[in-house]
1. At 7 Å along the Cα-to-beta-carbon direction for both B:A210 and A:L157, put a label point, then send me their distance in nm to one decimal.
2. Can you sort A:L8, A:L106 from fewest to most other Cβ atoms within 10 Å of each residue's own Cβ?
3. Treating only the Cβ atoms of Lys and Arg (+1) and Asp and Glu (-1) as charged, compute the dipole magnitude of the stretch B:3-195 about its Cα centre; round to the nearest 20 debye.
4. Counting only Cα, what are the radius of gyration and maximum Cα-Cα distance Dmax of chain A, in Å?
5. Give me the inter-chain shielding for A:20-29: mean count of other chain Cβ atoms within 10 Å, whole number please.
6. Which ordering of A:R154, B:R178 is given by a fewest-first count of other beta-carbon atoms within 10 Å?
7. Using only the alpha-carbon atoms of the stretch A:111-197 as identical scatterers, what base-10 log of I(q)/I(0) does the Debye formula give at q = 0.12, 0.13 Å⁻¹?
8. If the cut-off is 19 Å between C-alpha atoms, which lysines fall inside it for B:K119, apart from same-chain ones fewer than 8 positions away?
Amino acid sequence: MTYIAIFLTYVFINNFILVQFMGICPFIGVSKNSESAIGMGLAVTFVTGVTSAICWLVYYGILQPLHLEYLETVTFILVIASLVQLVEMVIRKISPSLYKALGIFLPLITTNCIVLGIALINITNNYNLLESFAAGVASGLGFTLAIILMSNIREKLDLTPVRKSFRGVPIAFITAGLMALAFMAFDKSLLSNLHLV
Amino acid sequence: MKVKELTKGILRENPVFIIMLGMCPTLGVTTQVINALGMGAGVIFVLTCSNILIAALKNIIPDSVRIPCYIVIIASFVTIVEMFLHAFAPSIYAALGVYLPLIVVNCIILGRAEAFASKNSVADSLLDGIGMGLGFTLALTLIALIREVLGKGTITVFAIGGFNGVISVPLLKDWPVRVMALAPGALLLMGYLKAFFNRLSEKKAQNQEAAK
């Protein structure tokens, strides 16, 4: 697959939030205002990109030569947890202003399904190192797109009258459902129509 | 050892509808009833085992590195489930796909480890794990039942003997509401169910106030 095809697949066709339901918890939890949504989105994109590449290296450099493929889940989650910790420390040292913006979101990312999900999907799809990195960045951007759209809708929703039992989380889910309906327009045939497959 | 620890997870503190944890597998695998049951069984096993082990090791694990320790314990049990299903139930293994290893990052399991098992006895943690797991399975089965009946007009359960495990619902089989089986249906249904449970707890609170 070309890099454009990978990009389109993970941002639109297989958008992690709206099609595969990965990372729903931060999507509902952190989408109350658009500033924190952007921060969360950028932090996730950064982490998915880096972890995709490193997990690929760990899988093909360590696990496969030693025939330990069955340990991939344990290894990947450890890599992700320590990497998130490392990223947090590096950002705090290099750029305190960026740390202020992203800091509170970083610890949450370890348990974000997208990060582990894309690392495992890269291995299942037999991507090479660069393709894995591209898929990681694209899936993070897909998350960013969805969460920014959602936060803008929710800021407007706050000003509209909603029945008491629907207020908050239920209406957020229904909004996400309608967004997912719109995203169904992006189909696998998009790739073949653009002659990318 | 209290029975209360077992029953609270099923309705009053249901992990899916009340605490809203573990949304990714809840929505991802509920296209067929049998997938929901398979996922539920996996989560009950992992949750119970990790709760027991973490409660037993709570005095040994240093406080500063407890989260990585919990994650490694959980990931090991998930790997066991993965290998077991791969060997004995390949069709469920294939249907659950990437959501199976994602049990590791299911917030319910880490949440119970942090909020309950690290503070309570082994016996209480065992009951808590089973109860929360059952509550999760029931919620998943309810969502899968609604989505499969409306979206495909069938109910897929285990195949036993001559029975192939698929129950057809007349009318809906021929004219299914297809969107329910697809991604948007899951999100819409979750919103309506959550609103329904909010309404129930509101009514209950009103009744309690009226009784006072």
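1. Using points 7 Å along Cα→Cβ, the separation is 3.0 nm.
2. A:L8, A:L106
3. 280
4. 17.7, 60
5. Neighbouring Cβ atoms belonging to other protein chains average 6 per residue here.
6. The most exposed by this proxy come first: B:R178, A:R154.
7. -0.55, -0.62
8. Qualifying lysines at Cα under 19 Å: B:K2, B:K4, B:K8, B:K58.
Just so you know, all these numbers are worked out from the coordinates, no wet-lab data involved. As the structure is a prediction and not an experimental result, all values here were calculated from the model. Cβ: placed from backbone, ideal geometry, glycine included. Neighbour counts: every protein chain shown.
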